[in-house]
Amino acid sequence: MIEIFFFDSYALFEIFGANKNYEKYTNANIVVTKLNLFELYYGLLKDSDEKIALTALEKYSEFVVDFDKDVIEHAAKLKLIYKKWNLSMTDCIGYILAKKLGIKFLTGDIQFRDLPNVEFVK
């Protein structure tokens, strides 16, 4: 059975960069938002070149799901509750969306390590 995960931007970079710790997730079903694609594209454009960035954008675009105002509301509350952790808006939205979809939030961001519904991989 193939598992489904919400890949945060950190996870996308690790998968794209062939981090061996993320190897077992290469066959998983992926869920992301357009916000994650923006972060991935921008990071690759900044650190490598446009061709690589476009390849990643094309590869992961098919896995995009939209989110509603309920996700925005709960993500903003999460960000406020953990404001000392300086969580990104994109990660808060992804985390709440993963919970809403009933799938794990895959990340290597240390701030999420001990939260429920998180698959933490460095």
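Of a type in the set (Gly, Ala, Ser) and without any contact (Cβ under 8 Å) to a residue 24 or more places away in the chain: which single residue out of 53, 28 fits that description? Walk me through how you get there before you give the answer.
On the way: 28 fails: without any contact (Cβ under 8 Å) to a residue 24 or more places away in the chain.
Just a single option satisfies the conditions, and that option is 53.
Determine, yes or no, whether residue 71 is among the hydrophobic types (A, V, I, L, M, F, W, C) and in contact (Cβ under 8 Å) with a residue 24 or more places away in the chain.
Yes, satisfied.
Exactly one condition in (1) touching an Asp or Glu at 6+ places or on another chain (Cβ under 7 Å); (2) among the β-branched types (Val, Ile, Thr); (3) closer than 15 Å to residue 5 by Cβ is not met by residue 64; state its number.
(1) is the only condition that residue 64 fails.
Quick check, is residue 100 in contact with an Asp or Glu (Cβ under 8 Å, 6 or more places away or on another chain), under 18 Å from residue 7 (Cβ atoms) and surrounded by fewer than 18 Cβ atoms within 10 Å (Cβ to Cβ)?
yes
Given (1) of a type outside the set (Lys, Arg); (2) free of Cβ contacts under 8 Å to residues at least 24 places away in the same chain; (3) farther than 21 Å from residue 18 by Cα, where does residue 101 come up short, assuming only one miss?
Unmet for residue 101, out of (1) of a type outside the set (Lys, Arg); (2) free of Cβ contacts under 8 Å to residues at least 24 places away in the same chain; (3) farther than 21 Å from residue 18 by Cα: (2).
Out of the residues in the stretch 1-20 that are in a loop (DSSP other than H, G, I, E, B) and under 24 Å from residue 46 (Cα atoms), state the one that is nearest to the chain's Cα centre (by Cα).
Looking at the filtered set, the residue picked out is 8.
Here, each number is a calculation from the coordinates, and none is a lab measurement. All values derive from a computational prediction rather than experimental measurement. A quick note on method: Cβ atoms are made from the backbone with ideal geometry, for glycine too, and the neighbour counts reach across all protein chains shown.
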